[in-house]
1. Can you tell which of 111, 94, 107, 121 is in contact (Cβ under 8 Å) with a residue 12 or more places away in the chain and surrounded by fewer than 13 Cβ atoms within 10 Å (Cβ to Cβ)?
2. When the residues of the range 59-71 are narrowed to those that are loosely packed, with under 14 Cβ neighbours inside 10 Å and either touching a strand residue (DSSP E or B) at 6+ places or on another chain (Cβ under 7 Å) or at pLDDT 95 or above (or both), which ends up farthest from residue 27 (Cα to Cα)?
3. Taking residue 20, is it part of a helix (DSSP H, G or I), at pLDDT below 95 and closer than 22 Å to residue 125 by Cβ?
4. In the range 72-82, how many residues are part of a loop (DSSP other than H, G, I, E, B) and touching a strand residue (DSSP E or B) at 6+ places or on another chain (Cβ under 6 Å)?
5. Would you check which residues across the range 28-43 are over 14 Å from residue 97 (Cβ atoms) and touching a helix residue (DSSP H, G or I) at 6+ places or on another chain (Cβ under 9 Å) and list them?
6. So which residues in the range 30-69 are more than 19 Å from residue 117 (Cα to Cα), within 15 Å of the chain's Cα centre (by Cα) and not in a strand (DSSP E or B)?
7. If a residue has to be farther than 17 Å from residue 46 by Cβ and touching a strand residue (DSSP E or B) at 6+ places or on another chain (Cβ under 9 Å) to count, how many in the range 110-126 make the cut?
């Protein structure tokens, strides 16, 4: 009986570890750290979860069309350690925010956040990632 419980606990630990390793990736494989850009637009949604938060923006493109951007950023604990709460993001939904980021390698309208500035002027800069 003890061996079964130990085996089940070990199997569960392996599954949980494998899942978190799969979800976590090296940023430089997905994002081109040398291609910085700034986008300003209406925050439409925030997906506040581990391992990375996703911020969704609607911004005007070069020709005036609305572009839906997805910006990935660090974990909730990173922001909490800098006194930025989920509620700071939630209060900004529907309002204009400015995000500095690096582009996704696949050319999609997505990026990795370097800084965000909220409508009230509050901002947070993330540690610089090197190419």
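The values are calculated or read from the model by the stated rules, or taken from the named source; none is laboratory data. Every value quoted in this text rests on a predicted model; they were computed, and no experiment measured them. Backbone-built Cβ (ideal geometry, glycine too); neighbour counts: all protein chains shown.
1. Exactly one of 111, 94, 107, 121 is in contact (Cβ under 8 Å) with a residue 12 or more places away in the chain and surrounded by fewer than 13 Cβ atoms within 10 Å (Cβ to Cβ), namely 94.
2. Here the answer is 65.
3. Judged against the criteria, residue 20 is not a match.
4. Selection size over the range 72-82: 2.
5. 33
6. 30, 49, 50, 51
7. Number of matching residues: 2.
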